[in-house]
Amino acid sequence: MRILGIDPGTRTCGWGVVEASRPRAKHVAHGAVSLKGELSGRLARLGSELDSILLEVRPDVVAVEGVFTHRNARSALLLGHARGVALLCAARAGLPVSEYSPATVKRSVAGNGRAEKGQVQMMVAAILGITTLDNSDAADALAIALCHAQQVPAMERLASSRPRRKSTRSGSRK
């Protein structure tokens, strides 16, 4: 399964792609989109760049950092705009989307939901065998993709362990 992780932002949006396979995930690509100018123009460019990335890397699923509370309401609102663009691009491409909180991502990659950015960056590089990972936004996006890669087997086990309900109705409805 190819997973595109997106760390949305209105100034910089990180993206990273991993191929989830056993026994471990493999790095495919990563990068960051730098955005300048007025908000509407940045969002338009973000959408265009994400559409291009989706066409180029052809993921099976998209994982996006979920909503979290900022101390600054304006920052949270701006982040919501970037998340909306990412969700729209994935939906237009017909891809399923999973969302993970920052604490869940940090816990799955670094073992601590309060890990510092540097710790996450170092763990992502170690897990994927990347020698140079100098962009924290791209590292965060790869961490989001890795988080999803770890969650999928657990979700599949849970789905297969649920007993199927048999219908007790007989006959037709009147």
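Where a number appears in this text, it was derived from the coordinates with a stated rule and is not lab data. Note that the coordinates shown come from a computational prediction; the quantities given were computed from them, not determined experimentally. So basically every Cβ, Gly included, is an ideal-geometry build from the backbone, and we count neighbours across all protein chains shown.
For residue 117, the aspartates and glutamates whose Cα comes closer than 18 Å to its Cα, not counting residues fewer than 8 places off in the same chain, are 7, 65, 134, 137, 140.
Helix 73-92 and the longest principal axis of the Cα set of the chain meet at an angle near 60°. Once the C-beta distance of residue 93 and residue 21 is scaled by a Förster radius of 35 Å, the resulting FRET efficiency is 0.95 to the nearest 0.05.
With the radius of gyration and the Kirkwood radius both derived from the Cα set of region 1-64, what is their ratio Rg to Rh? Walk me through the numbers on the way to the answer.
On the way: Rg = 12.7 Å, Rh = 12.3 Å.
Here Rg/Rh amounts to 1.04.
Dipole check for region 2-161: with +1 at the C-beta of Lys and Arg, -1 at the C-beta of Asp and Glu, and the Cα centre as origin, the magnitude is about 260 Debye. Per residue of the chain, the DSSP helices (runs of n ≥ 4 H) give a summed -39500 (n - 2.57) that works out to -16500 deg cm²/dmol at 222 nm.
Mean shadow of the chain, computed from the convex hull of its alpha carbons, in nm²?
On the way: hull surface 56.5 nm².
Reported value for the Cα convex hull: 14.1 nm².
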